[in-house]
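The values are calculated or read from the model by the stated rules, or taken from the named source; none is laboratory data. Quick caveat: nothing in here was measured; it's all calculated off a predicted structure. Note that we place each Cβ from the backbone using ideal geometry, even for glycine, and neighbour counts take in every protein chain shown. Only protein heavy atoms, including side chains, enter the accessible area calculation; ligands, DNA and RNA are left aside. Shrake-Rupley method; radii C 1.70, N 1.55, O 1.52, S 1.80 Å.
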There are 2 protein chains.
Amino acid sequence: MTLRIAEIFGPTIQGEGALIGQPTVFIRAGGCDYRCSWCDSLHAVESRFRHDWAPMQPAAIMDRVAQLSGGQPLMVSISGGNPAIQDFGPVIALGRKAGYGFACETQGSVARDWFAGLALLVLSPKPPSSGQATDWAAFDACLAAAGDAPRVMKIVIFDEADLEWARDAAARYPGLTLYLQPGNPETDPDRPVDPQGLADRMLWLVEATVGRGWLTPRILPQLHVLIWGNRRGV
Amino acid sequence: MTLRIAEIFGPTIQGEGALIGQPTVFIRAGGCDYRCSWCDSLHAVESRFRHDWAPMQPAAIMDRVAQLSGGQPLMVSISGGNPAIQDFGPVIALGRKAGYGFACETQGSVARDWFAGLALLVLSPKPPSSGQATDWAAFDACLAAAGDAPRVMKIVIFDEADLEWARDAAARYPGLTLYLQPGNPETDPDRPVDPQGLADRMLWLVEATVGRGWLTPRILPQLHVLIWGNRRGV
């Protein structure tokens, strides 16, 4: 069984969401069923990059992870692209036997039985600014597939319409902890980020959320972008 | 019963540690049994500022918190100074009845029975760069006082000696999740922070920690300083 892998890198810290700050090795899967207008990982999404995606067996993937971590078990984050369009079950089974924990980030469009083996399933449905539509029945199937595995929801916010959409999504899933994340409009790895612009977007999101009396979501920036900019592999 | 309160502000997001990103109202207690060399809250520590600390009854404190939150229960963080030199038990009892949750941050030098009523006790022992010495028996008493309340440890890191000290502290408490936080050498609220300097310190800490194969602590910056600088009341 072969998986298409865009990159494996780390250990570095998780830069987003519930595990922010946690030393992590990242497995970025190639291929996606979405085309978000503001995608920051097109190199793992668009077919024109598919020749850069290594076909790897599960054992080779875990060998590479162990090499990077010096053989020490740690948190492994499976992202993409949408990793749920591939079967990561064998990778997770191998890794868990060696003591690794796995988080997976997906938009929630494809349910997989291997979600139940995760230490954390991060479901990140895409708001209107993405240009994508959410199939809530598929999303519900993802939640169900995770079973007892911890699950959270993360939504990227570019504007007021996204924030209203997130509020509706939160109302639909009152039991899921929600993370809001300001969008990053500059995703070209060859161009420097604008730190003040990122801070301003974060400030706006905090004020817009708290200002409307919405006090339950956690609001976090993309820490790695604040610290490293748009560089890949960190 | 009267408490000395340096400031009450929010809601804003928690900028540090386990609850990073969580909308929070902050109660900053006046007075401290430590004098850390790099303290960023001297206005809540040194006696020369004591005339700025409002004497407040527990009911008045919770009235102010409720006014700030529009009456909505949310997370309240009790910090300082060292809040454990005062009795916050009545504030926590009043607040919990109204649905508020409480986190408390203290160095762990004074144990209090009200730790057991917290949603989170953050124990932040001070490394060598602070110029303070840790009384581990007192620290153990704080852990015991918290009982079943969730507890984490947070250590500010300025240099290699601090990092080695943190590693020993982590070995002493293998069951406590540890958060490492890069120190901020510029604490004057009237001077702008140096974003690149902060990013560089964070980068150094990630590389120094992960680079020595230490993969268990979570590493987080002071997010509020990255976003707002050293301004007070945000």
For B:Gln107, enumerate residues with amide H under 5 Å from its amide H, sequence gap 5+ or separate chain, H modeled in the peptide plane.
B:Ser124
For the pair B:Gln57/B:Asp113, report the inter-label distance in nm, with labels modelled 7 Å from Cα in the Cβ direction.
2.3 nm
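By accessible area of protein heavy atoms, probe 1.4 Å, what ranking do B:Lys97, A:Lys154, A:Lys126 get, highest first?
The ordering from most to least exposed comes out as B:Lys97, A:Lys126, A:Lys154.
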Where does chain A land at 222 nm, in deg cm²/dmol rounded to the nearest 500, when only DSSP H runs of n ≥ 4 count, each adding -39500 (n - 2.57), divided by all residues?
-8500 deg cm²/dmol
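Within chain B, which whole H helices from DSSP have a Cα span along their axis of at least 20 Å and a mean Kyte-Doolittle hydropathy of 0.0 or more, if any? The partial results should precede the final answer.
Working: long enough: B:195-211 (23 Å, 0.37).
Span-like helices here: B:195-211.
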Find the centroid of the Cα atoms in region A:19-51 and in region B:179-231, then give the distance between the two in whole Å.
27 Å
Near B:Lys154, which lysines are there with a Cα under 26 Å away, not counting those fewer than 8 places off in the same chain?
A:Lys154, B:Lys126
Using only alpha carbon pairs under 8 Å that are at least six residues apart, calculate the relative contact order of chain B and give it in whole percent.
18 percent
Largest first and to the nearest Å, give the Cα extent of chain A along each principal axis.
49, 40, 33
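Can you list the equivalent-ellipsoid semi-axes of the protein assembly as shown, largest first and in whole Å, using the square root of 5 times each Cα gyration tensor eigenvalue?
38, 25, 21
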At 1.4 Å probe size, with no ligands or nucleic acids counted, give the accessible surface of B:Val193 in Å², nearest ten.
30 Å²
What are the label-to-label distances in nm, one decimal and shortest first, from A:Gly89 to the same spot in the other copies, with labels 7 Å along Cα to Cβ?
5.6
Using modelled amide H (1.01 Å from N, peptide plane; none on Pro or chain starts), what sits under 5 Å from the amide H of B:Phe102, excluding residues fewer than 5 places away?
B:Val76, B:Ala119, B:Leu120
Quick one: label points 7 angstrom along Cα→Cβ at A:Arg212, distances to the other copies in nm, smallest first?
4.6
Provide the per-residue ³J(HN,Hα) series for region A:12-19, in order, calculated from phi with Karplus coefficients 6.51, -1.76, 1.60 and θ = phi - 60°, each as a whole number of Hz, with x at glycine and proline positions.
9, 8, 4, x, 9, x, 4, 9
For A:Glu46, inter-copy label-point distances (7 Å, Cα→Cβ), nm, shortest first, read 5.7
Explain nothing, just the number: dipole magnitude of region B:1-93 about its Cα centre with +1 on each Lys and Arg Cβ and -1 on each Asp and Glu Cβ, in debye rounded to the nearest 20.
120 debye
Going by amide H atoms built from the backbone, whose H comes under 5 Å of the H on A:Asn82, apart from near neighbours?
A:Gly31, A:Cys32, A:Asp33
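For peptide B:5-18, how many partner chain Cβ atoms fall within 10 Å of a residue's Cβ, on average?
2
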Do any cysteines of chain A lack a neighbour Cys whose Cβ is under 4.7 Å away, and which are they?
A:Cys32, A:Cys104, A:Cys142
Using the charge dipole of chain B (Lys, Arg: +1 at Cβ; Asp, Glu: -1 at Cβ; taken about the Cα centre), state which of B:Ile27, B:Thr216, B:Tyr179 has its Cα farthest towards the positive end.
B:Ile27
Accessible heavy-atom area order of A:Thr2, A:Thr216, B:Thr134, highest first, probe of 1.4 Å
A:Thr216, A:Thr2, B:Thr134
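Using square roots of five times the C-alpha gyration tensor eigenvalues, list the equivalent-ellipsoid semi-axes of region A:125-233 in whole Å, biggest first. Numbers along the way, then the final one.
Working: eigenvalues 130, 60, 35 Å².
Equivalent ellipsoid of region A:125-233: 26, 17, 13 Å, largest first.
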